[in-house]
Amino acid sequence: MKKLPIRIDSISMAHKMRGLAPPSHPLISITEVAAVRGAADISAVLDFYMISLKRNCDNLSYGQQKYDFDEGVMAFIGPNQVLRGQEHEPGYAPKGWVMLVHPDFFWSTSLAKKIKKYEFFGYAVNEALFLSEKEEATINGIIENIRQECDTNIDKFSQDIIVSHIETLLNYSDRYYQRQFITRKVTNAKVLTRMEEILAEYFNNENLCEGLPTVQYVADKLNVSTKYLSSMSKQLTGLTTQQHIHQKLIDIAKEKLSTTELSVSEIAYELGFEHPQSFSKLFKTKTKQSPLEFRASFN
């Protein structure tokens, strides 16, 4: 019988499960990776944010690609995500740190709502951020500032200072993710090519009884998260995944309208629409013409 994930509702509980000393602050902690005990058989749901930077990691994946990276690798996990332990190769000796921050720490601060804008907290775990040596030094410098502030006597300024450092860290991470999208352009272009193939295969299916393809359907086929796919697509093409789906649909509709004698209703049904009116509305929104007006322009 498959074990249900364990819910870890506090940073103190996380420290205890990993054989660490109790945190000096109940809502935030920074721990060296080397001090953390492995837990390969544990599946857990966290009630807090976890940000980590590691070196010498094995079995690294980025989407469906595997890479051999000696540089620092950052991972971002938000509350209510499932974290699974992993078996490591003999001699596995990672370096780096893990920072845990409870959402309560952000109450009445600028990050209370703003933290939700950082999409990488919603990415799949294998969509890590790979850092250059210079980038890693920048991030480690910020973490050291947070560590020093946590280790000093807590006063009325401490929370604002620490939150300011965390926001700076997240802003740099956001910048580096955008850089990664650019440097991974070839790999990501292959993902987009595959997305086009998936959509073509879907729309070429003579039986579209399941309706239009969803963003989730495409992401599942590519084995990436919906947020990551849309972010990558937007970065490279200016269109989200949903817009790509609509664009593909409109292109096929235009072809059918201009080269066949099928009625608008028949084309709508062939493209997976339950109601022809919905197809006509979408077509006019995207092209500024109704399907019949578009067909008439070819006659």
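Annotations for the structure displayed:
- Restricted to the stretch 187-277, the set of helices (runs of 4 or more DSSP H) holding at least 3 residues that are closer than 21 Å to Gly122 by Cα comprises 215-222, 226-237, 241-259.
- Ser225 falls short of the stated requirement of being within 30 Å of Tyr176 (Cβ to Cβ) and in contact with a His (Cβ under 7 Å, 6 or more places away or on another chain).
- Here the stretch 41-68 is the region considered, the condition is being open to solvent by 40 Å² or more (accessible area, probe 1.4 Å) and assigned to a loop (DSSP other than H, G, I, E, B), and the residue that is modelled with the highest pLDDT is Asn56.
- Residue-level analysis places Asn140 outside the set of residues that are in a helix (DSSP H, G or I) and either under 25 Å from Lys116 (Cβ atoms) or not polar (S, T, N, Q) (or both).
- Selection status of Asn204, of a type outside the set (D, E, K, R), farther than 25 Å from Pro276 by Cα and open to solvent by 80 Å² or more (accessible area, probe 1.4 Å): no
- Any pair with Cβ under 6 angstrom, 6 or more apart, that starts in the stretch 1-25 at a residue that is within 15 Å of Leu83 (Cα to Cα) and among the charged types (D, E, K, R) and ends at one that is exposed (fewer than 15 other Cβ atoms within 10 Å of the Cβ) and modelled with pLDDT of 90 or more: none
- Ile146 vs. criteria in contact with a helix residue (DSSP H, G or I) (Cβ under 7 Å, 6 or more places away or on another chain) and either within 30 Å of Asp220 (Cα to Cα) or assigned to a helix (DSSP H, G or I) (or both): yes
- Residue among Ser278, Ser290 that is of a type in the set (Gly, Ala, Ser), out of contact with any Leu (no Cβ under 8 Å at 6 or more places or on another chain) and open to solvent by 50 Å² or more (accessible area, probe 1.4 Å): Ser278
- Taking every residue in the stretch 152-169 that is at pLDDT 95 or above and among the polar types (S, T, N, Q) and pairing it with any residue that is crowded, with 19+ Cβ neighbours inside 10 Å and part of a loop (DSSP other than H, G, I, E, B), at least 6 positions away or on another chain, yields no pair with a Cβ-Cβ distance below 6 Å.
- First in the stretch 241-266 and of a type in the set (A, V, I, L, M, F, W, C), second anywhere and open to solvent by less than 40 Å² (accessible area, probe 1.4 Å) and not in a helix (DSSP H, G or I), Cβ under 7 Å, 6 or more apart: Ile245/Pro213; Leu249/Leu271; Ile252/Leu271; Ala253/Leu271
- Scanning the stretch 124-171 for residues that are small (Gly, Ala, Ser) and under 20 Å from the mean Cα position of the chain (by Cα) yields Ala124, Ala128.
- Candidate set from the stretch 69-111 (those that are at pLDDT 85 or above, part of a loop (DSSP other than H, G, I, E, B) and over 20 Å from Ser173 (Cβ atoms)); member that is nearest to the chain's Cα centre (by Cα): Trp107
The values are calculated or read from the model by the stated rules, or taken from the named source; none is laboratory data. Keep in mind that what you see is a predicted model, and the values were worked out from it rather than measured. Ideal geometry is used to build each Cβ from the backbone, glycine not excepted, and the neighbour counts take in all protein chains shown. Ligands, DNA and RNA are stripped out before the accessible areas are found, and what is left, the full protein with its side chains, is counted by its heavy atoms. Shrake-Rupley method; radii C 1.70, N 1.55, O 1.52, S 1.80 Å.
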